[in-house]
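Below: the structure, in structure tokens.
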Amino acid sequence: MDLSLREEDEQFASAFRAWLGEHLVAPPAFVDLADEVAWGRRWQATLAADRWVGVHWPEAYGGRGATPVQVALYQSEYARAQAPQPVNRVGINLVGPTLLAHGSEDQRLRYLPPILSAEEIWCQLFSEPDAGSDAAGIKTRAVRVDGGWVVNGQKVWTSGAHVAGLGFATVRTNPDVPKHEGITMMVIDMHAPGVDVRPLKMPSGHSEFNEVFLTDVFVPDDHVVGPVDGGWTVARATLGNESVSIGGGQGAMTTPGSALVHRYDAHPDRLPGGEVRIGQYVAQLQAMGLLNMRSAHRAVAGGGPGPEGAITKLVISELGHEAAAIMTALSGPEAAYLDGAGALSGTMVLLHRGMSIAGGTSEIKRNQIGERILGLPRDPLIK
């Protein structure tokens, strides 16, 4: 993988840096969630209007066909500017790449441009109450009817379902085959009759994810993505994209090493051996960045998400725990009152544990690493 900068790469980075300097404004204080989402839609639409979101997507669908080096430069410039994450991250990072790999051309033309512009916000309807991280343990049923399917079931922990217009769902279309078979991927209109979204209250007081109840929801045939009963391959692509997305720090609370160093310099007595702990944290963060570079290279080259996504997702979850522990120790009682956003907020202390559950638990990720990367034998209890 050649990461040397060519003239066109430098021009790419310079153009994006200039664009951010001209267009980026700090988010205001939001009145409520609806106000925040509306502002996020406008910001993402501004990015999309000049093709500065989904930059590695093909130009035909609103991207720039960016190279791996350009994707890395884009992410670096975006982070340097401290720009807010696009509101439609599930659509951009999970659904879009899956549609590029497994959707029909009509589906790509129909769904991809509105994903980038945030005209249509997506959610991921995978997790179910009795399945945990067993993404194939699906009880939501779809029964064929004239012109499509009728879906009944329940999903849970669905991030953003209360603001999404479309959901990407795993449903069981054949209950008489092994559980990894008989699964079909469908696009569900979140405003269709029979869709009931119920927000879940978190310890932080916010409601970022939801229960979703599906009662006799009609899904047209052209909303099926990939083969009927062959959706596990499509679902695995989405799950892989999710691991890469979370592992890349998109949607996760990645704490920059500089923030820990600054806090340590102010209170070194509060964390004995802090130099070593922070140094190890920074080194692991750097190693994870190199793995993310490999993932970006694979994506731009047209390949599916690779197994390194399981590593980066596991590592960022564990790093989140360590960053929270370091920041809490260095802040003392003030930790509960830290101001700011994301990694530097007091809510980090409450939320960081959730990152080792979201997108597959750390235990699941260790199994994937052992079996798919290290070649260890599969768990004999898994059929």
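The values are calculated or read from the model by the stated rules, or taken from the named source; none is laboratory data. Keep in mind that this is a model prediction, so the values were computed, not measured. As a convention, Cβ positions derive from the backbone with ideal geometry for all residues, glycine included, and neighbour counts pool all protein chains shown. Remember, those area values only see protein heavy atoms, side chains included, never the ligands or the DNA or RNA. Shrake-Rupley method; radii C 1.70, N 1.55, O 1.52, S 1.80 Å.
Any idea what the alpha-carbon Rg over 2.2 N^0.38 Å comes to for the range 1-80?
1.24
So what is the relative contact order for the range 104-248, in percent, with contacts set as C-alpha pairs under 8 Å and at least six apart?
24
May I ask for the percentage of alpha-carbon pairs in the range 20-162 that lie more than 18 Å from each other?
Beyond 18 Å sits 65 percent of the P(r) for the range 20-162.
Using a Cα-Cα cut-off of under 20 Å, which aspartates and glutamates could be cross-linked to LYS201, ignoring same-chain neighbours fewer than 8 residues away?
Of all the aspartates and glutamates, those that pass the test against LYS201 - Cα under 20 Å, at least 8 places apart if same chain - are ASP32, ASP35, GLU36, GLU128, ASP130, GLU211.
Relative contact order of the range 77-136: what whole-number percent is it, with Cα pairs under 8 angstrom and at least 6 residues apart?
Values: 31 pairs, mean separation 21.9, N = 60.
Reported relative contact order: 36 percent.
Okay, which of the range 48-73 sit inside 18 Å, backbone N to the point 7 Å along the Cα-Cβ direction of GLU22?
Residues passing the 18 Å test: 48-53, 64.
Convert each backbone phi in the range 87-102 into a coupling constant with the Karplus relation 6.51 cos²θ - 1.76 cosθ + 1.60 (shift: θ = phi - 60°), then list the ³J(HN,Hα) values in order as whole Hz, x for Gly and Pro.
5, 9, 5, 4, x, 5, 8, 10, 6, x, x, 5, 5, 4, 8, 10
Using only protein heavy atoms and a 1.4 Å probe, report how much of THR361 is accessible, in Å² to the nearest 10.
Number for this one is 30 Å².
Would you kindly state how much longer the chain becomes between GLU334 and ASP269 on full extension, computed as 0.36 nm times their sequence separation minus their alpha carbon distance, in nm to one decimal? Mind showing how you got there, number by number?
Values: separation 65, 0.36 × 65 = 23.40 nm, distance 1.54 nm.
Result: 21.9 nm gained on full extension.
Give me the three principal axis extents of the range 84-155 from the C-alpha atoms, as integers in angstrom, largest value leading.
Sorted largest first, the three principal extents are 34, 34, 21 Å.
When you have a sec, figure out the Kirkwood radius of the range 51-98 from all distinct Cα pair distances and drop it here in Å to one decimal?
Values: mean 1/r = 0.0891 Å⁻¹.
In the range 51-98 this quantity evaluates to 11.2 Å.
GLU181 to SER14: extension gain in nm, 0.36 nm per residue of separation minus the Cα-Cα distance?
55.3 nm is the gain from fully extending GLU181 to SER14.
Mind checking which lysines have their Cα closer than 24 Å to the Cα of LYS313? Skip sequence neighbours fewer than 8 apart in that chain.
LYS155, LYS365
With a sphere of radius 15 Å drawn around the Cβ of PHE30, what net charge do the other residues whose Cβ falls strictly inside it have (Lys, Arg +1; Asp, Glu -1)?
Once all neighbours under 15 Å are counted, the net charge is -2.
For SER331, what charge total do you get from the other residues with a beta carbon under 9 Å from its beta carbon, if Lys and Arg give +1 and Asp and Glu give -1?
For residues surrounding SER331, the net value is +1.
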